[in-house]
1. Condition check: under 18 Å from THR14 (Cα atoms), in a helix (DSSP H, G or I) and not polar (S, T, N, Q). Does ASP145 satisfy that?
2. So which of LEU33, LEU54, LEU49, LEU66 is modelled with pLDDT of 90 or more, in contact with a His (Cβ under 7 Å, 6 or more places away or on another chain) and over 24 Å from LYS133 (Cα atoms)?
3. Which numbered condition trips up ASP107, out of (1) in contact with a strand residue (DSSP E or B) (Cβ under 6 Å, 6 or more places away or on another chain); (2) under 20 Å from ASP145 (Cα atoms)?
4. Tell me which residues, restricted to segment 60-75, are hydrophobic (A, V, I, L, M, F, W, C) and either more than 21 Å from VAL102 (Cβ to Cβ) or surrounded by fewer than 19 Cβ atoms within 10 Å (Cβ to Cβ) (or both).
5. For a quick check of your reading: which strands (runs of 3 or more DSSP E) sit entirely within segment 19-125 and have at least 1 residues that are within 21 Å of ILE139 (Cβ to Cβ)?
Amino acid sequence: MSVVDPNETTQYLTFKLDEELFALDIAKVREVLDLTEITRVPRTPHYMLGVINLRGSVVPVIDLRLKFGMTRSETTVNTCIIITEVMVDDETLILGALVDSVQEVIDLEPGDLEPPPKIGARLNTDFIKAMGKHNDKFIIILFIDKVFSISELVMVQHAGEETTAQAGFTEAVA
């Protein structure tokens, strides 16, 4: 179970997957991009769509719907990629998460948060940081560092590195 500071108001970026509302701590979000061309990487998990070129850097993109066992949706004008920071062995990995639509940034008070549900010993809910309540709706607040196992993140990271080497990508100079 993750720790939620009982005295701290936190901002969250909310987004939809199917009809469900999810959120990420805004501190983990770098930016939100319109859907762009994604280059498929062979022999990667089904939920890894490929990589994008983000200002000269290769960024792996995963489909959160597929990762959570949902069906793949048709892309729409609202489909976007949330660029987020994920910790892997004390190293920050930049990762794109494909979502159906981004909704808004909201403030949640400690009283608006409840611990994740206990669903049973066989189901891992460590990736749920909390359940938020906002405008009479529940929001599943993700702990993005735990959505993927270490081995999955290492595989995604290596896929991005291999693509960088093959394509000859170089770091952008700002």
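The values are calculated or read from the model by the stated rules, or taken from the named source; none is laboratory data. Predicted model only: the values in this text are computed from it and were never measured. Glycine gets a Cβ as well: all are built from the backbone with ideal geometry, and neighbour counts include every protein chain shown.
1. On the way: under 18 Å from THR14 (Cα atoms): yes; in a helix (DSSP H, G or I): yes; not polar (S, T, N, Q): yes.
So ASP145 passes the test.
2. Values: LEU33 fails: in contact with a His (Cβ under 7 Å, 6 or more places away or on another chain); LEU54 fails: in contact with a His (Cβ under 7 Å, 6 or more places away or on another chain); LEU49 fails: in contact with a His (Cβ under 7 Å, 6 or more places away or on another chain).
None of the other options fit; the residue is LEU66.
3. (2)
4. Initially, segment 60-75 is screened for residues hydrophobic (A, V, I, L, M, F, W, C), giving 61-62, 64, 66, 68, 70.
Selection gives LEU66, PHE68, MET70.
5. Details: elements: 20-25, 29-34, 48-54, 57-63, 80-88, 91-99, 101-108.
So the answer is 20-25, 29-34, 57-63, 80-88, 91-99, 101-108.
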